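Below is one structure; the comments refer to it alone.
The values are calculated or read from the model by the stated rules, or taken from the named source; none is laboratory data. All values reported here derive from a predicted model rather than from experimental measurement. Using ideal geometry, Cβ is built from the backbone for each residue, glycine included, and neighbour counts are taken over all protein chains shown.
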Amino acid sequence: MRAIETFPNLVTMFFARAWEMGDAPFLWRKTGGAWQPMSWAEAARQVTALASALKDEGLMPGDPVMLVSENRPEFCIADLAIMAAGCVTVPTYTTNTTRDHQHVLTDSGARAVIVSTAKLAATLMPAVIRSQASFVIGMEPLRGAQGQVSCRLWSDLIAGHAADVDACAAAQNATRDDLACIIYTSGTGGAPRGVMQHHGAILSNIEGAGRIVAEDFGWDEEVFLSFLPLSHAYEHSGGQFLPIMLAGQIYYSEGLEKLASNIEEARPTIMVVVPRLFEVLRTRIIKSIEKQGKFPAYLLGQALRIAAKEQRGEKSLLDLPMKALLARTLKPKIAQRFGGRMKALVSGGAPLNPDVGLFFQAMGLTLLQGYGQTEAGPVISCNRPRAGLAMDTVGPPLDNAEVRIADDGEILVRGELVMHGYWRNPAETAKALQDGWLHTGDIGEIDARGRIRITDRKKDLIVNDKGDNVSPQKVEGMLTLQPEIGQAMVHGDRRPYLVGLIVPDVEWTREWAEANGKAPTAVADDPAYQAALRTAVDRVNDDLSVIERVRRIVLADEPFTIENEEMTPSMKIRRHVIRARYQDRLDALYKA
């Protein structure tokens with residue numbers, strides 16, 4: 001069996017694989033209706049040329065370079081080239097607002113920016129103009145931006161610089177302790193914090209994940225379909241650097257609308273996804289089976305019944321004929337919808353409903369739930385068959401990750417995978433890292449087989465059903481700056497979007513009522529009054545990213561106070577108390 005190797009840095013790992021794989025396909029994109037590959041050798045050539053260009057543009061070792069791009073081959077090449085030049089990658093979300101970009105640019109001190117398209121540049125450029133960045137590189141022409149910002153064209157830089165791959169590979173001297181990238185993640189204080197991931201953090205992560213692939217499934221010719229944003233630590237490590245370590249191929253998805261067809265075409269062996277995607281696929285599969293008639297629906301019910309029994313450790317010889325029938329009928333059809341050679345679907349970024357996991361197990365697909373956070377590379381643990389799959393756990397810790405449970409139940413992590421701290425934020429670093437242990441902010445336990453079970457969230461951070469982190473304090477703070485809104489609480493953990501519980505401002509309500517000839521105590525159900533509050537929320541949404549926007553609102557019965565136990569003596573809202581009171585109304589906001 002092929003062994004997982006260790007490397008001094010991520011770039012050296014890439015060049016080692018490129019030398020080994022040569023002209024074999026590496027990065028795939030769909031162009032003109034057909035998938036087109038880029039070879040390992042060509043990728044190495046472009047990485048080398050772009051690294052040389054960055055140096056010629058005056059970038060020095062350690063300089064941060066911001067990367068704004070959707071998933072595409074150029075993201076991988078840019079990321080590696082930045083590191084090959086001795087610089088530090090700062091990947092950011094394509095959904096960021098100008099304000100978000102401004103914060104990341106200012107906080108990171110990025111010296112340069114690489115952006116994919118003119119559309120993304122439109123939001124980015126106003127922030128670049130006010131920043132210290134010296135120039136911008138466009139993967140595609142940046143129409144209308146040249147007059148305001150010093151711009152370079154990707155293709156010109158690649159074509160204009162020689163690519164001595166061997167010399168570039170030999171020049172790599174970064175160690176596992178050196179900073180590789182700064183990934184910004186929302187903090188409870190509102191402003192995103194830059195997590196400093198060193199080369200060793202990511203390498204340790206993918207070494208542990210690679211051993212699961214090698215030992216539990218057999219390391220072969222692995223194919224990945226990249227779907228989650230590469231600016232997310234989960235996809236960055238698991239969907240980009242893990243395939244490189246495994247000498248695998250990466251297909252870049254065309255988006256959610258075409259994901260199903262992309263899966264059938266790319267025929268991936270491993271997919272890194274979030275729970276929301278599983279929920280969508282589960283719904284589509286069930287509807288498709290039910291449309292086929294009573295017998296397929298009966299088979300589905302039998303598959304779920306047997307899977308539930310086996311999950312409880314109950315096996316019966318009486319089920320063998322039905323299992324044989326399912327193996328010849330239902331399961332092959334489902335497997336084909338996933339390309340026919342899927343080894344494992346790996347869920348992370350947000351908690352997975354055990355029923356969803358059980359469904360995919362029943363369909364004959366291996367679904368592994370993982371757990372982690374950006375501050376830990378980001379994968380801390382993952383289910384693996386040899387440890388016994390249990391959908392209510394997130395599996396045992398990865399190799400090289402040490403986990404213990406603190407006296408108050410908090411999950412603590414130690415090892416090379418743990419960040420060196422938050423960029424330029426010693427105060428938050430001191431809170432997160434104590435005596436060498438990362439305090440995750442999650443509450444859990446470890447079962448008799450060494451598997452972690454998450455039981456609660458210690459921190460307030462909202463994790464939506466796609467795995468995106470949202471700071472509720474940031475959104476709430478912006479809402480309460482509006483004259484119409486006195487207090488607010490946003491809600492959306494494990495949900496597709498945020499909703500808000502609004503306490504209208506008393507003085508504004510009185511003035512609105514007088515202006516409209518109504519009594520202040522009788523306006524709560526007035527459509528015009530509610531529309532005015534909605535307008536205030538929409539003003540805030542204009543300055544928020546897509547994942548932070550409040551889609552629907554409901555009005556609270558009364559203000560949050562210390563007396564009704566909805567606020568602490570230090571004037572912080574008590575979320576669990578408020579949620580308990582308004583849970584039904586908040587849940588109703590997600591229904592049609």
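Here are the numbers for this structure:
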{"item": "Hits in the range 266-281 (condition: charged (D, E, K, R) and modelled with pLDDT under 95)", "result": "ARG276, GLU279"}
{"item": "Residues within the range 414-435 that are within 17 Å of ARG176 (Cβ to Cβ), assigned to a loop (DSSP other than H, G, I, E, B) and not acidic (Asp, Glu), tallied", "result": "6"}
{"item": "Test: residue in the range 74-94 that is assigned by TED's automatic domain parsing to the domain that holds VAL165, surrounded by fewer than 19 Cβ atoms within 10 Å (Cβ to Cβ) and either over 27 Å from GLU207 (Cα atoms) or in contact (Cβ under 8 Å) with a residue 60 or more places away in the chain (or both)", "result": "no"}
{"item": "Condition met for ASP460 (of a type in the set (Asp, Glu), in a loop (DSSP other than H, G, I, E, B), more than 25 Å from ASP407 (Cα to Cα) and in contact with a helix residue (DSSP H, G or I) (Cβ under 7 Å, 6 or more places away or on another chain))", "result": "no"}
{"item": "Selection within the range 438-488 - out of contact with any Asp or Glu (no Cβ under 8 Å at 6 or more places or on another chain) and surrounded by fewer than 18 Cβ atoms within 10 Å (Cβ to Cβ)", "result": "GLU445, ILE446, ASP447, ALA448, ARG449, GLY450, ASP460, GLY477, THR480, LEU481"}
{"item": "Every residue from the range 27-43 that is closer than 19 Å to ASP79 by Cα and not aromatic (Phe, Trp, Tyr)", "result": "LEU27, ARG29, PRO37, MET38, SER39, ALA41, GLU42, ALA43"}
{"item": "Residue pairs meeting the criteria (Cβ under 9 Å; at least 6 apart or on separate chains; first under 21 Å from VAL195 (Cα atoms), in the range 375-397; second assigned to a loop (DSSP other than H, G, I, E, B) and of a type in the set (Asp, Glu))", "result": "GLY377/GLU416"}
{"item": "SER204 being modelled with pLDDT under 95, of a type in the set (S, T, N, Q) and over 23 Å from MET66 (Cα atoms)", "result": "no"}
{"item": "Unmet criterion (only one of (1) over 24 Å from ALA180 (Cβ atoms); (2) modelled with pLDDT of 95 or more; (3) surrounded by 15 or more Cβ atoms within 10 Å (Cβ to Cβ)) for THR393", "result": "(2)"}
{"item": "Hits in the range 254-290 - residues which are polar (S, T, N, Q) and either surrounded by fewer than 18 Cβ atoms within 10 Å (Cβ to Cβ) or touching a Lys or Arg at 6+ places or on another chain (Cβ under 7 Å) (or both)", "result": "SER261, THR269, THR283, SER288"}
{"item": "Check on ALA528, part of a helix (DSSP H, G or I) and surrounded by fewer than 18 Cβ atoms within 10 Å (Cβ to Cβ)", "result": "yes"}
{"item": "Top-ranked residue in the range 536-548 [being assigned to a helix (DSSP H, G or I) and touching a residue at least 12 places away in the same chain (Cβ under 8 Å); ranked as surrounded by the most Cβ atoms within 10 Å (Cβ to Cβ)]", "result": "GLU548"}
{"item": "Failed item, numbered, when ALA513 is tested on (1) surrounded by 16 or more Cβ atoms within 10 Å (Cβ to Cβ); (2) over 27 Å from PRO192 (Cα atoms); (3) touching a residue at least 60 places away in the same chain (Cβ under 8 Å); (4) not charged (D, E, K, R)", "result": "(3)"}
{"item": "Hits in the range 470-495 (condition: within 31 Å of the chain's Cα centre (by Cα) and either among the hydrophobic types (A, V, I, L, M, F, W, C) or over 23 Å from ARG574 (Cα atoms) (or both))", "result": "VAL470, VAL475, MET478, LEU479, LEU481, ALA488, MET489, VAL490"}
{"item": "Enumerated strands (runs of 3 or more DSSP E) restricted to the range 217-317, each holding at least 3 residues that are under 30 Å from ASN96 (Cα atoms) and of a type in the set (D, E, K, R)", "result": "none"}
{"item": "Selection status of THR561, over 13 Å from MET489 (Cβ atoms) and in contact with an Asp or Glu (Cβ under 9 Å, 6 or more places away or on another chain)", "result": "no"}
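Residue-wise test of (1) aromatic (Phe, Trp, Tyr); (2) free of Cβ contacts under 8 Å to residues at least 60 places away in the same chain; (3) within 30 Å of GLY421 (Cα to Cα).
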position: SER134; (1), (2), (3): no, no, yes
position: SER150; (1), (2), (3): no, yes, no
position: ASP164; (1), (2), (3): no, no, no
position: GLN172; (1), (2), (3): no, no, yes
position: THR175; (1), (2), (3): no, no, yes
position: LEU179; (1), (2), (3): no, no, yes
position: ILE202; (1), (2), (3): no, no, yes
position: ILE206; (1), (2), (3): no, yes, yes
position: ARG211; (1), (2), (3): no, no, yes
